[in-house]
Each structure stands twice: as structure tokens, then as C-alpha cells.
Amino acid sequence: MTKLEIHQFPCLNDNYGVLVHSTETGETASVDAPDAEAVLAALQDKGWSLSAIFTTHHHHDHTDGNAVLKEKTGVKIYGPRGEAQKIPGIDSALSQGDTFDFAGIEIQVLDTPGHTAGHISYWIPSEKVAFVGDTLFAMGCGRLFEGTPAQMWTSLQKLMALPPETTIYCGHEYTQANAAFSLKIDPDNAELKTRAKEVAELRANGQPTLPTTLSVELATNPFLRPHDAGIRKTLDMAGATDEEVFTEIRERKNRG
Ligand code: ZN
Ligand code: FE
């Protein structure tokens, strides 16, 4: 029985805001705070009041709402220990292995550096859900602004080890562009081709393509599939390590 209701809404250009609400205690957390006005509007829509912010990383499109939301609602702000000085209003600095209680539910913290040096993800095992910020996207992964490919590959492997049925919430709607890129890297993947068509339809109808699940990503996201023989053939990297193949895929994505 799930105890949390999760409400995702688009904001800014292509960000998602996510509210996590306990139907038992009435507490509500915002995963990141891209834009205070959008978060407040979503809270009003749902009739919920804010008690916490779970910050994944310091980028402004994930933290710009912190100050206003804290001033207006007195929320407790959780965020990454490794970049705590860059998180406005942070009350509780977290890193790998930390757990905390939200509405009687245990939240586990995973260090997932690569996009930023201190990026963290929030995993709720009992609800089979994870909030991964800009680490993992549908058929993509975050750009390496502050980390190395090796760090990002380690972070992604940590997410890959979660239960496959885990629902994954991401920071951005990048899915359609990611699908087009993924088809170039993994052109013979039937599941990927089907997913790309579904994504195109959803976007044509103005629908979100997220959240996703880990099992769908494991089958279709080339950044999680450097071991795949077809991808290795496309890249002519049959004898390379997974990390080398991952690095090559990330570099190709950077080039467009
Ligand atoms: Zn970011
Ligand atoms: Fe972002």
C-alpha cells in the first residue's frame, strides 16, 4: 500500500516540479524548487501545504525557489552535503548512507555525482520510487558539468542496482531529443523503437513522458547499456570496458 501521493508538474522551460504528499500525515515535500510561484500554484491546486524541500543539486533551476518558499512556509530544506554552501536555506546536509524520516517513511540518500560534484538522489524503498534530479533522464543522463565520466558511470550503476520496478522521477523533459540520439546509438533495439514512437505521440499531445521506471531505462537507455553487444558494434568498441563505452556515448551526446 503506498502512503505517498506524487504530483508532477511542468515548470520553467523544461523542468519538472514534483510534490510528494503523505495521505496519512498531510505532510508535503517538494523535490527541488525550480520556481517558487509554480510550486505554490501546484500546492494550491492540490490543497496541500509544504513541509520540506528535497534538493538534488545546486543548479539554479533546482534551487531558485528555496528562499521564497522558506520565507513563506518555513519548510525544512534537505540537500547535498558536498555542495551545501551553494544550497539556499539548507537545514540538513545529506550524503551517501544517510537516511531520514518524512511522514513516517524512510528516505535513503545516494551520492550520484557527475552532473555536479555533490549531486544526491533520494530513494524511498517502501514506495519503490527514486528522485534522481539531473543524474538520469529518460533515455539519457545528465551533462558532466563538474564530474568525470567515471564518476557518472559509478553513479548510474548505483541507480541501476535499485529494484527494476522502481519509479524514477527526473528533473527535465528531455525525452524526445534523448530518444532521437538513442536510436543512433542503439538502432536495432526493438523496445527502444517502440518507446520512441510512444514518446513522440505523448509529446505531440502535450503529455509528459515521465516518470519512467528503472526496468524501462535498463532496456532502452543507451547510457545504462554500455555492455550491450549491438551498441558496441555500432560504436566499433567490442573490446572496450563499460566505462569506456559509456564515456564515448556521453561524448557523442555532447557533440549533438
Ligand atoms: Zn542541473
Ligand atoms: Fe536541471
Kindly establish whether Lys128 is out of contact with any strand residue (DSSP E or B) (no Cβ under 7 Å at 6 or more places or on another chain), in the same structural domain as Pro163 (by TED's automatic domain parsing), under 28 Å from Gly140 (Cα atoms) and surrounded by fewer than 23 Cβ atoms within 10 Å (Cβ to Cβ).
no
Residues in the range 94-107 that are crowded, with 17+ Cβ neighbours inside 10 Å and assigned to a strand (DSSP E or B): how many?
4
Scan the range 47-93 for residues that are more than 14 Å from ligand 2 (Cβ to nearest atom), out of contact with any Gly (no Cβ under 7 Å at 6 or more places or on another chain) and open to solvent by less than 10 Å² (accessible area, probe 1.4 Å) and report the count.
6
Under the condition of being polar (S, T, N, Q) and open to solvent by 10 Å² or more (accessible area, probe 1.4 Å), which residue from the range 131-164 is nearest to ligand 1 (Cβ to nearest atom)?
Gln151
Determine, yes or no, whether Thr209 is buried (at least 21 other Cβ atoms within 10 Å of the Cβ) and not hydrophobic (A, V, I, L, M, F, W, C).
yes
Would you check which residues across the range 33-42 are touching a strand residue (DSSP E or B) at 6+ places or on another chain (Cβ under 9 Å) and either at pLDDT below 95 or open to solvent by 10 Å² or more (accessible area, probe 1.4 Å) (or both) and list them?
Asp35, Glu37, Ala38, Ala41
Would you check if there is a residue in the range 151-169 being under 24 Å from Ser92 (Cα atoms), within 14 Å of ligand 2 (Cβ to nearest atom) and in contact (Cβ under 8 Å) with a residue 24 or more places away in the chain?
yes
Whether any residue in the range 72-81 is of a type in the set (Lys, Arg) and under 15 Å from Gln8 (Cα atoms) is what I want to check.
no
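The values are calculated or read from the model by the stated rules, or taken from the named source; none is laboratory data. Computed from a predicted model, the values in this text were never measured in an experiment. Using ideal geometry, Cβ is built from the backbone for each residue, glycine included, and neighbour counts are taken over all protein chains shown. All accessible areas refer to the heavy atoms of the entire protein, side chains included, with ligands and DNA or RNA removed. Shrake-Rupley method; radii C 1.70, N 1.55, O 1.52, S 1.80 Å.
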